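Structure in structure tokens, see below.
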């Protein structure tokens with residue numbers, strides 16, 4: 001609805017000044033940039049150990065396959081504690097003797113990471129868990 005002076009009109013149930021500057025595309029770009037940085041942070045965070053994550057060092061020592069980083073926070077926001085504790089994982093450091101063989105047998109990580117519930121833990125997906133620092 002135009003007012004007597006012609007500078008105001010009704011839009012979406014509000015009075016707006018038609019002479020106000022419109023939003024520039026820069027705001028849209030900034031929003032996209034923030035979303036991109038947030039998503040990138042999530043991906044990088046999933047690949048690098050953060051507070052609360054569990055690092056399983058290989059008994060073979062240095063060299064070869066890197067340590068496994070279990071993103072505990074990532075799983076914790078999706079599942080309650082009892083989904084994993086006390087079975088298949090005991091809540092004591094060093095109590096779980098996890099190997100690729102036991103995972104392939106459907107134990108420990110293999111309970112879910114079997115290609116049905118979640119992506120299969122296999123030699124083709126090594127870098128999802130074994131991350132170089």
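The values are calculated or read from the model by the stated rules, or taken from the named source; none is laboratory data. All values reported here derive from a predicted model rather than from experimental measurement. Backbone-built Cβ (ideal geometry, glycine too); neighbour counts: all protein chains shown.
So, residue 132, is that one surrounded by fewer than 10 Cβ atoms within 10 Å (Cβ to Cβ) and either under 22 Å from the mean Cα position of the chain (by Cα) or under 22 Å from residue 79 (Cβ atoms) (or both) or not? Can you show your working first?
Numbers: surrounded by fewer than 10 Cβ atoms within 10 Å (Cβ to Cβ): yes; either under 22 Å from the mean Cα position of the chain (by Cα) or under 22 Å from residue 79 (Cβ atoms) (or both): yes.
Spelling it out, residue 132 is indeed surrounded by fewer than 10 Cβ atoms within 10 Å (Cβ to Cβ) and either under 22 Å from the mean Cα position of the chain (by Cα) or under 22 Å from residue 79 (Cβ atoms) (or both).
If I filter region 96-129 down to residues being under 16 Å from residue 66 (Cβ atoms) and not in a helix (DSSP H, G or I), which single residue comes out as nearest to the chain's Cα centre (by Cα)?
Among those that are under 16 Å from residue 66 (Cβ atoms) and not in a helix (DSSP H, G or I), it is 129.
Look through region 49-68, keep the residues that are more than 18 Å from residue 94 (Cα to Cα) and loosely packed, with under 13 Cβ neighbours inside 10 Å, and return whichever of them is modelled with the lowest pLDDT.
Top of the filtered list is 62.
Right, here's the next one. When region 105-119 is examined, which residues are found to be buried (at least 16 other Cβ atoms within 10 Å of the Cβ) and either in contact with a helix residue (DSSP H, G or I) (Cβ under 8 Å, 6 or more places away or on another chain) or not assigned by TED's automatic domain parsing to the domain that holds residue 65 (or both)?
108, 109, 110, 113
Of the numbered conditions (1) under 16 Å from residue 125 (Cβ atoms); (2) modelled with pLDDT of 75 or more, residue 97 fails exactly one; give the number of that condition.
(1)
I'd like to check something: does region 24-41 contain any residue that is touching a strand residue (DSSP E or B) at 6+ places or on another chain (Cβ under 9 Å), part of a loop (DSSP other than H, G, I, E, B), at pLDDT below 90 and more than 18 Å from residue 113 (Cβ to Cβ)? Full working, then the answer.
Keep residues of region 24-41 that are touching a strand residue (DSSP E or B) at 6+ places or on another chain (Cβ under 9 Å), which gives none.
No: zero hits.
Look at residue 86 and say whether it is in contact with a strand residue (DSSP E or B) (Cβ under 6 Å, 6 or more places away or on another chain) and either outside any helix (DSSP H, G or I) or modelled with pLDDT under 90 (or both). Explain how you work it out, then say what you get.
Values: in contact with a strand residue (DSSP E or B) (Cβ under 6 Å, 6 or more places away or on another chain): no; either outside any helix (DSSP H, G or I) or modelled with pLDDT under 90 (or both): yes.
In short, no.
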